[in-house]
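Okay, so here's the structure we're looking at.
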Amino acid sequence: MAKIAVRHLTKSYNGGRVVALQDISFEVQPYESLCILGPSGCGKTTLLRLVDCLISRDQGEVLLDGEPVTTPRPDVAVVFQHFGLFPWKNLEENISYGLALRGEARQEIAQRVERYIELVGLRGFEKSYPYQLSGGMQQRAGLARALAVNPSLLLMDEPFGSLDAQTRETLQEELSKILQQERKTMLFVTHSIDEAIYLGDRILLMTPRPGRIREILGVKIPRPRDISRVRSDPQSIQLRNYIWAQLKQHADNS
């Protein structure tokens, strides 16, 4: 059974005058990483919000483990580009927030927070507040908070888009390792072709608005992956050139 099944999703705004997404259908298998790539304004973020029922859909349905998704699910975690940390809470308190809302036992919360602080490499900063952390560290904290609730599905909306190139690559590598260790299914929105190739098992390529699926491309590069080797891999180069040509063709025709 597919982990996620999206069937004929359509979403419009302004009373139907602006169609953001039109007839989107695809499936994601358990433990698969599907990267969503397309031009600005094609509805990538809208698609993630529809999957988690953060906004209403005009048509279509989303199934998670075969069950219709009609409200936000506790086993789905969303990580946005902005860090979303509470400035008045320290690192431990931010990461434990979702667990506390669920009423988890204090000892269980402490164990999970400790585990995920270690996993994202933030040991030693447990009592630090967001203003005392770098951008990359704040994004690590946001990822730890999402993982601490043990979601079966991660929805990632350009989480590294605002970071410098070096920090971005470091967090890409960390996320890749975490996905292998934690066995999560992931939908990852990005504007970066290289990021999509490195993190994705497949890449969903979208058209300009109204967003439709142009095609879904497989990434056959074995895991675990090394960023420098992926970049020089002949398949990666061929795939990058092909995707760029498709995106440039749409830009030239717009």
**Asked** Within region 23-35, is even one residue free of Cβ contacts under 8 Å to residues at least 24 places away in the same chain, outside any loop (DSSP other than H, G, I, E, B) and surrounded by fewer than 18 Cβ atoms within 10 Å (Cβ to Cβ)?
**Response** no
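Inside region 154-208, can you point out the residues that are aliphatic (A, V, I, L, M) and either more than 19 Å from residue 220 (Cβ to Cβ) or surrounded by fewer than 18 Cβ atoms within 10 Å (Cβ to Cβ) (or both)?
Of all residues in region 154-208, those aliphatic (A, V, I, L, M) come to 154-156, 163, 165, 171, 175, 178-179, 186-187, 189, 193, 196-197, 199, 203-206.
The answer is 154, 155, 156, 163, 165, 171, 175, 178, 187, 189, 206.
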**Qualifying position, being of a type outside the set (Asp, Glu) and touching a Cys at 6+ places or on another chain (Cβ under 7 Å), among 120, 69** = 69
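List the strands (runs of 3 or more DSSP E) that sit entirely inside region 134-232 and contain at least 2 residues that are of a type in the set (Val, Ile, Thr).
Values: elements: 153-157, 185-190, 202-206, 213-218.
Result: 185-190, 213-218.
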**Request:** Just give me the residues in region 193-235 being more than 27 Å from residue 64 (Cα to Cα) and of a type in the set (S, T, N, Q), in sequence order.
**Result:** 228, 232, 235
**Request:** Being at pLDDT 90 or above and on the phi > 0 side of the Ramachandran plot is the filter here, so list the residues in region 4-21 that pass it.
**Result:** 8
**Request:** Could you run through region 1-22 and say how many residues are in a strand (DSSP E or B) and among the basic types (Lys, Arg)?
**Result:** 2
**Item:** Criterion violated by residue 240 - all others in (1) assigned to a helix (DSSP H, G or I); (2) closer than 17 Å to residue 31 by Cβ; (3) charged (D, E, K, R) satisfied
**Value:** (2)
**Prompt:** Do we find a residue being surrounded by fewer than 14 Cβ atoms within 10 Å (Cβ to Cβ) and either among the small types (Gly, Ala, Ser) or touching a residue at least 24 places away in the same chain (Cβ under 8 Å) (or both) anywhere in region 2-9?
**Reply:** yes
**Filter result (closer than 16 Å to residue 120 by Cα and not in a loop (DSSP other than H, G, I, E, B)) within region 78-99** = 79, 91, 92, 93, 94, 95, 96
**Asked** Any residue in region 117-128 that is among the β-branched types (Val, Ile, Thr) and either buried (at least 20 other Cβ atoms within 10 Å of the Cβ) or closer than 21 Å to residue 45 by Cβ (or both)?
**Response** yes
**Asked** Out of (1) under 14 Å from the mean Cα position of the chain (by Cα); (2) surrounded by fewer than 19 Cβ atoms within 10 Å (Cβ to Cβ), the odd one out for residue 139 is which?
**Response** (2)
**Message:** Given the condition of a type in the set (Asp, Glu), surrounded by 14 or more Cβ atoms within 10 Å (Cβ to Cβ) and within 16 Å of the chain's Cα centre (by Cα), answer yes or no: does some residue in region 48-60 qualify?
**Reply:** yes
**Asked** Which pairs have Cβ atoms under 9 Å, sit 6 or more apart or on different chains, and link a residue in region 224-242 that is surrounded by fewer than 13 Cβ atoms within 10 Å (Cβ to Cβ) to one that is at pLDDT below 95 and outside any helix (DSSP H, G or I)?
**Response** 229/221
**Asked** Can you find even one residue in region 223-242 that is aliphatic (A, V, I, L, M) and within 30 Å of residue 149 (Cα to Cα)?
**Response** yes
**Asked** Looking at region 199-223, which of its residues are in contact with a His (Cβ under 7 Å, 6 or more places away or on another chain) and either without any contact (Cβ under 8 Å) to a residue 60 or more places away in the chain or polar (S, T, N, Q) (or both)?
**Response** 207
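The values are calculated or read from the model by the stated rules, or taken from the named source; none is laboratory data. In this text, all values refer to a predicted model and were calculated from it rather than measured experimentally. Glycine gets a Cβ as well: all are built from the backbone with ideal geometry, and neighbour counts include every protein chain shown.
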